Amino acid sequence: MQAHPLRLSPGDDLRAALEDVLRQLGVQAAFVIQGIGSLSVAQLRFAGNDEPTELRDDLEILTLAGSLSTDGAHLHMSVADPRGRVSGGHVARGCTVRTTAEILLALLPDHRFSREHDPASGFLELAIRNGPQP
């Protein structure tokens, strides 16, 4: 495992930037250990909903965690608005960094992650393969 700190800048799309970093580093498996920062727009899909809900405000990222594969990301995040109200859910594309996002990735160069249909859940779920990347 290799630690990889990352800072995103104002205007960056949080999810797209995290998915791009794997391609840039040539890695096929990573976990987001934690993230903090701020957003001006959050796109969160709440449990049981098919579509994300858009939140627009000065939002603080309280938690950010998940897995990254070349097939995409599975991220969960909680954010607080200026009144301290907290919302959380699945991170969709369109989360816009307001001032910064500071993220710690755990790169797993000896693993390959993919997303595969799981008949039990009905969703694309994490598939883990060991061994060096091809």
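Quick notes on this one:
- Matching residues, segment 111-122, being surrounded by 12 or more Cβ atoms within 10 Å (Cβ to Cβ) and over 11 Å from residue 71 (Cβ atoms): 111, 118
- Unmet requirement for residue 40, which otherwise passes all of (1) within 17 Å of the chain's Cα centre (by Cα); (2) crowded, with 17+ Cβ neighbours inside 10 Å: (2)
- Some residue of segment 77-85 being touching a Cys at 6+ places or on another chain (Cβ under 8 Å), modelled with pLDDT of 95 or more and aliphatic (A, V, I, L, M): yes
- Filtered residues of segment 78-134 (kept if of a type in the set (A, V, I, L, M, F, W, C), touching a residue at least 24 places away in the same chain (Cβ under 8 Å) and in a loop (DSSP other than H, G, I, E, B)): 92, 95, 108
- Residues of segment 1-30 that are closer than 26 Å to residue 130 by Cβ and surrounded by 17 or more Cβ atoms within 10 Å (Cβ to Cβ): 18, 19, 21, 22, 27, 28, 29, 30.
- Residue that is modelled with the lowest pLDDT [pool: residues in segment 21-75 that are of a type in the set (Asp, Glu) and over 26 Å from residue 3 (Cβ atoms)]: 50
- Filter result (within 11 Å of residue 89 (Cα to Cα) and not in a loop (DSSP other than H, G, I, E, B)) within segment 39-64: 42, 43, 44, 45, 53, 63, 64
The values are calculated or read from the model by the stated rules, or taken from the named source; none is laboratory data. Being a predicted model, the structure only gives us computed values, none of them experimental. When we count neighbours, we look across all protein chains shown, and the Cβ atoms used for this are built from the backbone with ideal geometry, even at glycine.
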